[in-house]
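One structure below.
The values are calculated or read from the model by the stated rules, or taken from the named source; none is laboratory data. Note that the coordinates shown come from a computational prediction; the quantities given were computed from them, not determined experimentally. Every residue, glycine as well, gets a Cβ built from its backbone with ideal geometry; the counts of neighbours run over all protein chains shown. The area values use the complete protein model at the heavy-atom level, side chains included, leaving out ligands, DNA and RNA. Shrake-Rupley method; radii C 1.70, N 1.55, O 1.52, S 1.80 Å.
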Amino acid sequence: MTLLDARPEAPKPAPPPQPGRLVDLFEYGLDSPICLTWELTYACNLSCVHCLSSSGRRDPRELSTEECKAVIDELERMQVFYVNIGGGEPTVRSDFWELVDYATAHKVGVKFSTNGVKITPEVAQKLAGSDYVDVQISLDGATAEVNDYVRGPGSYATAMRAMQNMKDAGFTGFKISVVCTRQNIPQLDEFKAIADEYGAQLRLTRLRPSGRGADVWDELHPLPEQQRELYDWLVAHGEGVLTGDSFFHLSAYGSALPGLNLCGAGRVVCLIDPIGDVYACPFAIHDEFLAGNVRSEGGFQEVWRNSELFTRLRTPQSGGACTSCSFFDTCKGGCMAAKFFTGLPLDGPDPECVRGFGEEALEKRKMDGSIPKPDGDHSHSTVRGPRRDGRPIATGLITTKKRGIPITLSLTRPDRPPVSACEENPLAGFTPN
Ligand code: SF4
Ligand code: SF4
């Protein structure tokens, strides 16, 4: 029996929702995903400590160029507007630009996430000339000191060089993607200033305990008071800062934030991984959330429309203890992946529940080794992971410019990027029938 099976029996499929809020419509799923992440490769030049897909080494079973093109053909037939391409570092695939060109020629827009390693002046020029390609550069510290502690030495300089090349090429509005951590929350204003300086748009995403992020979540995830600081900052910046579905659990502090205010896993969100496996969400790489493979009969469309897992996720879900919470309508119990990989029940509060119920649940959870581990580890074999004995690999002391508060970092290691999550505006271009 799986954890999903263990949920209370779901009622028979409800009648289709009546026209009204899009969010209600999305709960029942759509014929095509509006937030499809496709990780083209597990290969990466970096080894970020929080990599959601534990990337580093290429998987020899990776989809071939022709198989990727067949998937794109299917996406075109399904009228998928765009795809978030990530990895790994997708640009290290030798056929990367060929696939981007193929997708845009077939009316599938591309936004790709990169650590910037291949964004040369020439590439930036080419990108600036396309209306159908967007670029998201990962940056997890507004200073080299903060960034490189999680992403690896030199990664800040690489990202900044890529941004300069984009700016010089006249590509405005590219995205700077920041995974929010305990160490960089005090730098929110600085991130915004960097985005403004380069003509980019800031995108903040939530750190989930997925992939290698599971090993460092306790040390990196924002403190409760920082969650509040983040919420207030997001409210102050409104739609000018993108967040996708990252922070709907924070809506319990007040009003709902812009973005997708529900867990869209298997309903409007999914992941195709480098070997063609289809998961409910990029942050849920685990057998529990594996719906099928694009190589199987019927391809991606069959998995998306008819897999048993996605069908189940599109039936009304139990909110468990959260249903009695007055914030349930907007918070909805938070992120399924965050709960799963911290060993919390899927029908209970998020581990970062702003009312503190998640912390209580974390205290009570069994530490008997039953907490699920992410599937697949593609980490570079030459790079040691965070120590499982709990001792830090190394320490550093960072003094934030904003408040002068010393923050002790207990991590160091050469590293790699987080990958795209949900589109910053998942509703862009979507018109319900
Ligand atoms: S599991 Fe979390 S990250 Fe994935 S779609 Fe749901 S809320 Fe988003
Ligand atoms: S109790 Fe549940 S619904 Fe209420 S704020 Fe916490 S996670 Fe959200």
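Run through region 288-321 and list the GluC sites (Glu not before Pro) located in a DSSP loop whose Cβ has at most 16 other Cβ atoms within 10 Å.
Passing both the DSSP loop test and the Cβ count: Glu297.
Hey, rough spin-label estimate for Ser64 and Leu30, points 7 angstrom out along Cα→Cβ, what's it come to in nanometres?
3.3
Using 0.36 nm times the number of residues separating Arg182 and Ser296, minus their current alpha carbon distance, what extension gain do you get?
Length difference between fully extended and current span is 36.9 nm.
Show Phe327, Phe341 ordered by accessible area, largest first, where the area counts protein heavy atoms only and the probe is 1.4 Å.
Largest to smallest exposure gives the sequence Phe327, Phe341.
Counting Lys and Arg as +1 and Asp and Glu as -1, each charge on the Cβ, what is the dipole of region 49-91 about the Cα centre in debye, to the nearest 20?
Dipole size: approximately 160 debye.
Run the 1.4 Å probe and let me know the accessible area of Tyr28, rounded to the nearest 10 Å².
Tyr28 exposes around 80 Å² with every protein chain in place.
Ignoring ligands, DNA and RNA, please state the percent of accessible area on region 134-282 from carbon and sulfur, probe 1.4 Å.
Percent of accessible area from carbon and sulfur atoms in region 134-282: 50.
Label region 52-135 by shape, choosing from rounded, prolate and oblate, from the square roots a ≥ b ≥ c of the eigenvalues of the Cα gyration tensor; if a/c is under 1.5 it is rounded, and otherwise prolate applies when a/b is larger than b/c, oblate when it is not.
The shape class here is oblate.
Got a sec? Charge dipole of region 80-224, +1 on Cβ for Lys and Arg, -1 for Asp and Glu; which of Gln164, Cys180, Ile85 is way out at the positive end?
Farthest along the dipole direction, towards plus: Ile85.
Ignoring ligands, DNA and RNA, please state the percent of accessible area on region 36-100 from carbon and sulfur, probe 1.4 Å. Please list the in-between numbers first.
Working: 1020 of 2080 Å².
Within region 36-100, the accessible surface is 49 percent carbon and sulfur.
Calculate, in nm to one decimal, what Lys107 and Tyr132 gain on full extension: separation in residues at 0.36 nm each, minus their alpha carbon distance.
Additional length available on full extension: 8.2 nm.
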